[in-house]
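> What follows is a structure written as structure tokens; I'll ask about it next.
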Amino acid sequence: MSRIGNAPIEIPSGVEIKVENGLVTVKGPKGTLTQKVADYITVEVEDKIINVKRQTEEIPHKAKHGLYRSLINNMVEGVSKGYKTEQELVGVGYRASNTGQNLELSLGFSHNIVFQIPAEVKVSTVTERGKNPTIILESHDKQLIGHVAAKIRSLRKPEPYKGKGIKFVGEQLRRKAGKSAGKK
């Protein structure tokens, strides 16, 4: 029994769901998303509630049941509320600025890095005196915003000794002790 897969999804006002030939389309105020669903999964829409059901009790079908329910739930939440991710640059001289969809990062390398952000993701940067520069990503697609945030973080991962690098706001880093004191 899949507890996640059996949970119904409530449709908020202003969101339209269309299911045709194994393709689920969710349309809302923030945008439109589509997801292909496997043949053995059925999606039923009944007065403001979506139910995701599987046809058999085979192990691969049970494994995908909760997955497709979560994907559809993320689509419904994304087109109604949207998703937001914040990352901060920790390190002396680390800077971030954006012009349109180009994110320019100064991360201690010899040249600045220019990162092209997809059109579906809205990017903004905040630089305040005395605080670390922050990159804010907003989108209706949870998979895409997570992928872009991971790509940005991979440019300079936080190191375990001083914590320098790009980290998510509120992320707890595992820190290591430095070198021991000198010889006696």
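The values are calculated or read from the model by the stated rules, or taken from the named source; none is laboratory data. Computed from a predicted model, the values in this text were never measured in an experiment. Backbone-built Cβ (ideal geometry, glycine too); neighbour counts: all protein chains shown. To get the accessible areas, we keep the full protein, side chains included, count just its heavy atoms, and leave off ligands, DNA and RNA. Shrake-Rupley method; radii C 1.70, N 1.55, O 1.52, S 1.80 Å.
> Residues Ile72, Ile59, Ile49: which one is touching a strand residue (DSSP E or B) at 6+ places or on another chain (Cβ under 7 Å), farther than 20 Å from Lys142 by Cβ and either free of Cβ contacts under 8 Å to residues at least 60 places away in the same chain or not charged (D, E, K, R) (or both)? Talk me through it step by step, then tell me what you get.
Values: Ile72 fails: farther than 20 Å from Lys142 by Cβ; Ile59 fails: touching a strand residue (DSSP E or B) at 6+ places or on another chain (Cβ under 7 Å).
Selected residue: Ile49, the only one of Ile72, Ile59, Ile49 that is touching a strand residue (DSSP E or B) at 6+ places or on another chain (Cβ under 7 Å), farther than 20 Å from Lys142 by Cβ and either free of Cβ contacts under 8 Å to residues at least 60 places away in the same chain or not charged (D, E, K, R) (or both).
> Filter the stretch 95-125 for residues that are closer than 19 Å to Pro158 by Cβ and free of Cβ contacts under 8 Å to residues at least 40 places away in the same chain; which is surrounded by the most Cβ atoms within 10 Å (Cβ to Cβ)? Lay out the reasoning, then the answer.
Initial filter on the stretch 95-125 (closer than 19 Å to Pro158 by Cβ): 95-96, 103, 105-109, 113, 115, 125.
Pick out the ones that are also free of Cβ contacts under 8 Å to residues at least 40 places away in the same chain and you get 95-96, 106, 109, 125.
Numbers: Arg95: 14, Ala96: 26, Ser106: 16, Phe109: 10, Thr125: 16.
Looking at residues that are closer than 19 Å to Pro158 by Cβ and free of Cβ contacts under 8 Å to residues at least 40 places away in the same chain, I get Ala96.
> Is the stretch 56-71 home to any residue that is open to solvent by less than 40 Å² (accessible area, probe 1.4 Å), at pLDDT below 95 and among the β-branched types (Val, Ile, Thr)?
Within the stretch 56-71 (the criterion being open to solvent by less than 40 Å² (accessible area, probe 1.4 Å), at pLDDT below 95 and among the β-branched types (Val, Ile, Thr)), the answer is no, since none of the residues qualifies.
> Next question, about the same structure. In this structure, is Glu77 open to solvent by less than 80 Å² (accessible area, probe 1.4 Å), assigned to a strand (DSSP E or B) and among the acidic types (Asp, Glu)?
no
> Sticking with this structure for a sec: Regarding the stretch 98-107, can at least one residue be identified that is part of a loop (DSSP other than H, G, I, E, B) and among the aliphatic types (A, V, I, L, M)? Please lay out each step first, then the result.
Step one: filter the stretch 98-107 for residues part of a loop (DSSP other than H, G, I, E, B), giving 100-101, 107.
Add one more test, that the residue is among the aliphatic types (A, V, I, L, M), and what stays is 107.
Yes, the stretch 98-107 has at least one match.
> Can you tell me which residues in the stretch 80-94 are over 14 Å from the mean Cα position of the chain (by Cα), farther than 16 Å from Lys167 by Cβ and in contact (Cβ under 8 Å) with a residue 60 or more places away in the chain?
Ser80
> Further question on the same structure: With Lys18, Lys62, Lys48, Lys36 as the choices, which residue is of a type in the set (Lys, Arg) and within 23 Å of the chain's Cα centre (by Cα)?
Of the residues listed, the single one that is of a type in the set (Lys, Arg) and within 23 Å of the chain's Cα centre (by Cα) is Lys36.
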